Amino acid sequence: MILFGFTESATTLFRSNSVASRVISVYFRMAGKAYLHATLKPVLTHLRAMGDLEVDPSKETVPERQRQNMNKLKSTTGFAFRAIVGSADACPPCVGYLPVAEGTRPRVKKRN
């Protein structure tokens, strides 16, 4: 590709606002949008329904509410993690092959 000739380092090639990085960004947005909505919408709906979850002692001065909010946050974090990990079979192949999604790669390969 011609863009490789103009970059000083391969590690920074897709960090710039080049045509290549914009094309890849649009492609992943199109390919992964339905997957992200299906995976994260229930998590965000659940989080939104929980209301205030402040745990900062300078903002939430009632210790019991801090503990309750911390427990709610831990529960919601677990819910989000399970939703993401459990969605590997629905992960689009182009997203599943990303280095950041390395754990999903074997499941995506097996599925295809």
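The numbers here are math on the coordinates, done by the rules we state, and not lab data. In this text the structure is predicted, and so the values were computed from the model without any measurement. With ideal geometry, Cβ positions are generated from the backbone for all residues, glycine too; neighbour counts draw on all protein chains shown.
Please list 57-64, 33-40 highest first by mean number of surrounding beta-carbon atoms within 10 Å per residue.
Values: 57-64: 10.1, 33-40: 13.5.
The packing order, highest mean first, is 33-40, 57-64.
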Per-residue HN-Hα couplings for region 84-90, Karplus 6.51 cos²θ - 1.76 cosθ + 1.60 at θ = phi - 60°, whole Hz, x for Gly and Pro? 5, 5, x, 9, 4, 5, 8
